[in-house]
Structure formats: structure tokens, C-alpha cells
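Participant: Please see the structure below; I have some questions.
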Amino acid sequence: MVAPHTRPAPAARPIPDAGAAGPLLDDRHLAFAGEIGAFAERELAPRPAPADDAAARHEARALLARLGAGGWLDPILAQDWRACCLAREALAAASPLADAVFALQALGVVPMLLADNAAVRDRWVADVVAGRALAAFAMTESEAGSDIAAMATTATRDGPHYVLNGVKTYISNAGIADFYTVFASTDPAARGRGISCFVVPADSPGLRFVRPQVLSEPHPLGEIAFEDCRVPGSSRLGEEGGGFALGLKTLDRLRSTVGAAACGMAARALAEALAHARARRQFGKPLAQFQLVQEKLARMATDLAAARLLVYRAAWEADRGAPRVTLEAAMAKAFATEAAQRIVDDAVQVLGGAGVMASHPVDRLYRAVRALRIYEGTTEIQHLVIADRLLHDDASGA
Ligand SMILES: Cc1cc2nc3c(=O)[nH]c(=O)nc-3n(C[C@H](O)[C@H](O)[C@H](O)COP(=O)(O)OP(=O)(O)OC[C@H]3O[C@@H](n4cnc5c(N)ncnc54)[C@H](O)[C@@H]3O)c2cc1C
């Protein structure tokens, strides 16, 4: 089932708006921003929005093939975080599902790029960026959400193998992924220091798709179970017990890209609000001439500009090889996703009744933007991370 075609965004500033990130981008980024923005607008925005979970699962694979064939996933392999941010801004503005596909390819493969395991990299990385293999990242459990170290999934050594047991929940691409980058405890008593990371092909005996978990904005999510799932020791990424640190290092790099996706959704919502405010007349004049509406538009644009600067600062720090970007990435994710929520909500308000029609892009954005404040660490957890850095690293000049 598919919903009516999403109409293209009204003409406004380009998305991504590379100019808004100014000196934080290199010339190659400016060119890339134009190219991927045009691709997303031309090829993704007009695609029918999936109307239900089954359609989203089908569409995710179609979008993967499109992204891979066009080379749009290459910035992940290059670990060019500013380009990844530009990609997510463009994709999220045109198709939240295409953005989710990009995000999961990155989450699945970045631990491989960061860890020293050539065999696993050789098996998966090229297929991931070419769009031939769909990735998933399996960390969360029912009793281990924000408190990742509480995970109960175990990986027990058995000669040259590990045997995995446990259930992972809220896993994007569950049931359609070709492989899962999985976090499991090799030493439960050690909590965080006892977690290791494994790459598990989806067809491994003992790995089972349990059930889909259906979101209001269709996105393939679900539960998977490991039942005496035997994987070779060579599928472990990094040291035994190093999985927690590897997971956090991955999230440090990718949280700015979540902020970028938020900026893309917010930019699209702002464009819709501006177009509507100019066109819609009430009390004998366009909404745009009412100062209360202008105030809303001004706040939306200012929030978006500030969010973009935090996002591209965090990505620039990572690109220049800063040893740690935890603080910058947490600020970028928390601020940009919270700002985007406000901006999208204001856009709905400016549109009035039209803004809550299921077929309207801002209604879809309203549903899609919400999850960004939750996944890859909630806003509250980002605030705890920021406070921890401030209190323990004397990072007050950040
Ligand atoms: C659309 C979507 C896709 C996802 N995809 C994936 C995926 O692919 N892989 C994966 O592993 N996970 C995925 N997740 C899971 C996601 O990372 C978790 O939902 C998230 O980490 C929060 O965990 P939780 O839902 O258990 O909430 P909880 O941890 O139970 O938190 C509930 C609330 O309590 C607050 N809270 C918790 N602890 C504290 C504290 N110490 N101080 C203050 N407040 C606190 C939280 O901020 C939140 O507001 C996805 C989630 C969603 C919604």
C-alpha cells in the first residue's frame, strides 16, 4: 500500500543549505551538497510514501539500491562526516525513510571501519556502500535502553566460536537486514567493560526475526532473538570487552549526522511554512503579513541556523581528527533534534488544518522527527554526557 505522491518541496533555500555551514565546509562539500540535494529532490521526494510497515520494508530495500547505485553512500566509507551530514540533511528533507537507510548503513559499517578486522571489512563494507547489503545495528534490549551496560545478551566462548543468546529490541531493519552488528556481553560481571561486538549474518542458524515493531511513521523496526547462535571468533570486532567503547566511538561520530537529519526535516518544514504563509490569505491579507506569524518564522529560521552550526562544528571536529568529539556531538544531536521538533511543530501551526492532513509533508515530518530525540541516545542522555564533560574535563570553553 502506498500513500499519494509527496509533492516536491516549495522553492526556497536549497537543502542542504551548505552556505549556512559556511567556513566549516570545504569546496568538495559545497559541490556534494548541490549534487545530493538535486538527487534527493528529483528522485526521492516524488516517490510514494510507504503507507504501512510492509510497504516500508519493501521501499527500504528499493531506496538502498538507489543510494548505492548513485554512490551516495560513499561518504560513509570515506569517513567524511561533513559529507555524511550533508547527505542526511538532503535525504531526510526528501524522504525520512531514505535517511534511515543511510543512517543504518553507517551504524552497521562504522564499527567495522573503526575496528581492526580486515576479514569482516572485506566481506561486508563494499557491499554496504554499493547498496547490495542492508545493515543493522543491534544494541538495545528491553531492559537495556539508555543503560546500555545492563544488556543481558551473552556471547559465551566455545572453542574458536562464540555462542550468542538474548533478545534485541527496537532494531531498525530487523527482519530485512543482511547482517547485524551486534553487542553482547562476554563477561556479564564486568558490565560495560565486558561487552563485545560481533558481525552476524542474518542467515546464521540460531538468529531469528521475532516480530516487527510498528511505528506511526513507517520505518522497518523489530525484535530479533539469538538462540544458541554460533559465530566464529573471527567475527568479533576489536578486543574482547572492547565493544562498549567501540559502540560509543561509533555513536560519537554518527550523532552529528542525526542532528543533520533533524536539520533536513526542519528545513523542509520551514520551506513549507514560508510558502503557505505567502499564499494563504486570511482577514484580507497573506498570513505572512501578520507579525505573530513572522515571529514564528523568524524563530524557526534562527533555530535552524544555530542547529546547523553545531552539527557542522561537530562533524568538522571529527573530520580534522580530533581525538574525542563526545561533547560536540552530544550538543549537536540534542540541540538540533529538539530545535527540529519545535520547527516542525510551528510549521504545522502555520499551516493550520492543512498541516494535520495525513497526506501533507509537514504531517509526515511531524511523525518522523519525533524519533530523532530518542534513538542513538535520548536528549536527556546527551545532556548527561555534556554535563559530565563539563564537570570532569573542564571543557567550559567548548
Ligand atoms: C525509531 C527508532 C529506531 C531505533 N533503532 C535502533 C537500532 O537500530 N538499534 C538499536 O540498538 N536501538 C535502536 N533504537 C532504540 C533506541 O536507541 C532506544 O529507544 C533509546 O536508547 C532509549 O532507550 P529506551 O527506549 O529503552 O528508553 P529508556 O532508556 O527507558 O528511557 C525512557 C526515558 O527515560 C529517560 N532516562 C533514562 N535514563 C535516564 C537518566 N539516567 N537520567 C534522566 N533521564 C533518563 C530517557 O531520556 C527517556 O526520556 C531505536 C529507537 C527508535 C525509536
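Participant: Give, in nm to one decimal, the length gained when the segment between GLN282 and ALA152 is fully stretched (0.36 nm per residue of separation minus the Cα-Cα distance).
Facilitator: Result for the pair: 41.0 nm of gain on full extension.
Participant: Kindly work out what percent of the DSSP beta bridges joining two residues of the chain are antiparallel, to the nearest 5. Write down the numbers at each step before the final one.
Facilitator: Numbers: 33 of 38 bridges.
Counting only bridges with both partners in the chain, antiparallel ones make up about 85 percent.
Participant: Once label points are set 7 Å from the Cα along Cα→Cβ at both LEU391 and ASP127, what is their separation, rounded to one decimal in nm?
Facilitator: Simple spin-label model gives 4.6 nm for this pair.
Participant: Let me ask something else. For a quick check: with amide H placed at 1.01 Å from N, whose amide H comes under 5 Å from GLY238's, ignoring anything fewer than 5 positions away on the same chain?
Facilitator: ASP116
Participant: While we're here: Relative to the longest principal Cα axis of the chain, at what angle does helix 379-393 sit, 0 to 90 degrees, rounded to 10?
Facilitator: Taking the Cα atoms of the chain, the angle to 379-393 is about 70 degrees.
Participant: Quick one: how many lysine pairs does the chain have with C-alpha atoms less than 28 Å apart and a gap of 8 or more or different chains? Give me the count, please.
Facilitator: Summing the qualifying lysine pairs gives 5.
Participant: Let me ask you something else. Given a 1.4 Å probe and every protein chain left where it sits, what share in percent of the accessible area of the chain is carbon and sulfur?
Facilitator: Taking all protein chains in place, the chain shows 56 percent carbon and sulfur surface.
Participant: Another one. Tell me the accessible surface of HIS276 in square angstrom (1.4 angstrom probe, heavy atoms of protein chains only), to the nearest ten.
Facilitator: Its heavy atoms expose roughly 40 Å² to the probe.
Participant: Each label point is 7 Å from the Cα along the Cα-to-Cβ direction; what then is the distance between the points at HIS161 and GLN79, in nm?
Facilitator: So the two model labels end up 3.3 nm from each other.
Participant: Given labels modelled 7 Å from the Cα in the Cβ direction, how far is it in nm from SER204 to HIS383?
Facilitator: 3.8 nm
Participant: Okay, next question. If you count only protein heavy atoms with a 1.4 Å probe, what accessible area per residue comes out for the chain, rounded to a whole Å²?
Facilitator: 41 Å²
Participant: Exactly which GluC sites (Glu not before Pro) in region 201-279 are in a DSSP loop and have at most 12 other Cβ atoms within 10 Å? Numbers along the way, then the final one.
Facilitator: Working: sites: GLU223, GLU227, GLU239, GLU240, GLU272; in loops: GLU239, GLU240.
Sparse-neighbourhood loop GluC sites (Glu not before Pro): none present.
Participant: I need the peptides 326-335, 342-351, 123-132 ranked by packing, meaning the mean over residues of other C-beta atoms within 10 angstrom, with the highest value on top. Walk me through the numbers on the way to the answer.
Facilitator: On the way: 326-335: 25.7, 342-351: 22.5, 123-132: 18.3.
Highest to lowest by the protection proxy: 326-335, 342-351, 123-132.
Participant: Continuing with this model, one more query. So, with +1 on the Cβ of K and R and -1 on the Cβ of D and E, and no other charges, what is the size of the charge dipole of the chain about its Cα centre, to the nearest 20 debye?
Facilitator: Computed charge dipole of the chain: roughly 1060 debye.
The values are calculated or read from the model by the stated rules, or taken from the named source; none is laboratory data. Keep in mind that what you see is a predicted model, and the values were worked out from it rather than measured. Methodologically, a virtual Cβ is constructed for each residue, glycine included, from the backbone with ideal geometry; neighbour enumeration extends over all protein chains shown. To get the accessible areas, we keep the full protein, side chains included, count just its heavy atoms, and leave off ligands, DNA and RNA. Shrake-Rupley method; radii C 1.70, N 1.55, O 1.52, S 1.80 Å.
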